[in-house]
């Protein structure tokens, strides 16, 4: 890496985390994708935890296409029907840890056989796991996507999640009309 860019690498320090929390609580929107979504869960103390507890010998889904159910009533999923195929590469999958009135599920695995293309060792471990969430935090929102919805600009089927999220970041009054 060229030296002029080295100061840009690394994680967000405590001051940066505090600034992000303040930004969201004051009405801002954070879009977190992949492993950064897991960090956002911790930062905003959201009631989500890993859904997958299987050993690597029992579960492995490398770079495959899987089908997820979608809540079409949620503005994050505008333009989708009740399902979509996603690119999945051992990405985070969550479950709720208790009552969560501020968390709305956007997309989840509806069954134990979501594989559409590729291979999935132990795909049954994904059953009912959540891959996309919208959460209200203060006056703002946090949008979490476990799968890489814009991975190398290739998974065109999931662009709408990203573009809808960007749009919703400036449309704070649009909320889910129900949900899972």
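What to note about this one:
- Relative contact order computed over the chain (Cα-Cα under 8 Å; 6+ residues apart), in percent: 29
- Size-normalised alpha-carbon gyration radius of the range 11-117, reference 2.2 N^0.38 Å: 1.20
- The spacing between the range 107-140 and the range 1-80, judged by their C-alpha centroids, is 14 Å.
- Calculated on the alpha-carbon coordinates, the convex hull of the range 57-159 measures out at 110 cubic angstrom per residue.
- The order of the peptides 52-60, 85-93, 129-137 by mean Cβ neighbours within 10 Å, most packed first, is 129-137, 85-93, 52-60.
- Projecting the alpha carbon convex hull of the range 1-68 along each direction and taking the average yields 8.0 nm².
- log10 of Debye I(q)/I(0), alpha-carbon scatterers only, for the chain at 0.09, 0.11, 0.14 Å⁻¹: -0.32, -0.47, -0.76
- 222 nm mean residue ellipticity, helices alone, for the chain (DSSP H n ≥ 4; -39,500 (n - 2.57); rounded to 500): -5500 deg cm²/dmol
- If both residues of a DSSP beta bridge must be in the chain, then about 85% of such bridges are antiparallel.
Laboratory data are not the source of any read-out in this text; all were calculated from the coordinates shown. Computed from a predicted structure; not experimentally measured. Quick reminder, even Gly has a Cβ in these numbers, built from the backbone with ideal geometry, and neighbours come from all protein chains shown.
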